[in-house]
Amino acid sequence: MTDKAVVLLSGGLDSSTVLYQGKADGYECYALSFNYQQRHQRELDAARDIAAAAGVTQQVISFDLGLWGGSALTDATINVPRDRAPEEMATEIPVTYVPARNTIFLSFGLAYAEALEAKRVYLGVNALDYSGYPDCRPDYINAMQQVFKLGTKQGREGRSIEIISPLIELKKTEIIQLGNQLNVPWEKTWSCYQGGEKACGVCDSCQLRLKAFQELGLTDPLPYL
């Protein structure tokens, strides 16, 4: 019987690569996506398309983090930063940080994984591109691994569900190179923090993505404004 894994899938470049990595690792993958009333709802369409392309089951969990805001991604009154240089992005925790988002996502992922008797939860966090995000760092992942061990029946029985974050110390260019090896369909992914039909090209996420493709001498297949 093939071992199971839950993959947290936003539809972005990183999480899509992680889904394909999970499949390449030989796991029967179950994608879990989140509608938390984010500004960029467009990413949910991408997550659906990526899950379909990968041939995996997808669940979408809905809840409203916009009820209390606190982030440019959940509060329309907070502007998404534009045209920032990469070195500026790393100076402080940005307003696009969503309070405790990865803790919430991983909690759902853990519950789903234990219900499936899965062995892994895959997560596409990256500590290099967004060094300011507190829930994308190795020490955070290590702490959550302890939660997975101590807060579940599987963990207490010595069968702890493992958090796998294969991209955490990769540069964006290295992630794209890995995705190319895994045949990730980039044209189906979505990274922009804005919710339009075309990517804005000027938010932090768009700029980092475009820069990485350019450094590799490749063309990003997404349409941009």
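The values are calculated or read from the model by the stated rules, or taken from the named source; none is laboratory data. Keep in mind that this is a model prediction, so the values were computed, not measured. As a convention, Cβ positions derive from the backbone with ideal geometry for all residues, glycine included, and neighbour counts pool all protein chains shown.
Structure values in brief
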quantity	calculated
Qualifying positions in region 183-197 - surrounded by fewer than 17 Cβ atoms within 10 Å (Cβ to Cβ) and at pLDDT 95 or above	183, 185, 187
Residue selected from region 153-182 under the condition in contact with a strand residue (DSSP E or B) (Cβ under 8 Å, 6 or more places away or on another chain) and buried (at least 16 other Cβ atoms within 10 Å of the Cβ), by the criterion farthest from residue 222 (Cα to Cα)	161
Candidates 179, 155, 201, 151 - the one that is at negative phi and either acidic (Asp, Glu) or under 21 Å from the mean Cα position of the chain (by Cα) (or both)	179
Qualifying positions in region 39-49 - of a type outside the set (A, V, I, L, M, F, W, C) and either modelled with pLDDT of 95 or more or touching an Asp or Glu at 6+ places or on another chain (Cβ under 9 Å) (or both)	39, 42, 43, 45, 48, 49
